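The values are calculated or read from the model by the stated rules, or taken from the named source; none is laboratory data. What you see is a predicted model, and the numbers here were worked out from it, not measured in a lab. For neighbour counting, all protein chains shown are included, and Cβ atoms are generated from backbone atoms with ideal geometry for every residue, glycine included.
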């Protein structure tokens with residue numbers, strides 16, 4: 001009975017850790033989108049597959065050991081025990097190595113506890129200042145633009161800039177900047193000399209630094225692929 005209780009508590013703890021891990025990844029993704037316009041090397045997307053592999057391994061392990069105990073009286077243990085844990089060791093080492101490498105480039109400053117933003121931190125002049133800056137100076141052409149850099153350009157503090165974008169302009173930082181990049185791209189391919197560059201070339205000139213990000217964001221804001229929009233403009 002003690003053994004069974006121990007095993008099922010193990011299963012329960014694994015399920016709890018799976019839920020917390022997935023929730024943490026989702027929350028981190030949302031946090032990154034409030035601070036950065038370029039999510040490359042910042043979203044921890046590489047960690048999703050190892051998390052599910054790790055979780056799947058332990059759930060499968062619990063099921064397998066119960067089957068072995070009930071139907072085979074633990075006679076199969078010598079066949080699966082060592083190979084399973086060798087595989088688990090390899091996965092664990094890979095996650096540790098990959099995490100160390102990624103730690104040199106990932107975003108910093110993340111906190112699992114969301115910071116409460118007090119209402120009324122912005123005024124119409126500050127909102128217009130951000131809008132005018134984006135339209136006239138076009139800082140979004142810098143692929144590495146982040147919330148801190150935009151705040152410095154606008155001569156506003158970080159919290160105020162974030163509040164303006166989220167509450168006054170009703171977008172997160174990632175959406176706000178990349179929407180301007182999409183509009184820049186749309187303007188570029190309407191110009192007479194548009195054929196001097198490829199569509200991807202125009203995307204890079206508009207501030208994007210990834211083909212996949214460009215295609216995803218463009219489709220999100222326009223409902224069309226860049227190629228479809230280009231052909232529509234030429235008809």
Out of (1) over 23 Å from residue 175 (Cβ atoms); (2) modelled with pLDDT under 85, the odd one out for residue 40 is which? (1)
All but one of (1) in a helix (DSSP H, G or I); (2) free of Cβ contacts under 8 Å to residues at least 24 places away in the same chain hold for residue 43; which doesn't? (1)
Please state which one of 82, 88, 64 is free of Cβ contacts under 8 Å to residues at least 24 places away in the same chain and either surrounded by 14 or more Cβ atoms within 10 Å (Cβ to Cβ) or assigned by TED's automatic domain parsing to the domain that holds residue 149 (or both). 64
Can you find a residue in region 10-25 that is over 26 Å from the mean Cα position of the chain (by Cα) and touching a residue at least 40 places away in the same chain (Cβ under 8 Å)? yes
Taking region 26-50, which residues are under 20 Å from residue 88 (Cα atoms) and within 15 Å of the chain's Cα centre (by Cα)? 46, 47, 48, 49
Can you find, within region 138-162, the residue that is modelled with the lowest pLDDT among those that are more than 24 Å from residue 40 (Cα to Cα) and assigned to a helix (DSSP H, G or I)? 160
So for region 118-134 (the condition being assigned to a loop (DSSP other than H, G, I, E, B), modelled with pLDDT under 90 and more than 12 Å from residue 168 (Cα to Cα)), does at least one residue qualify? yes
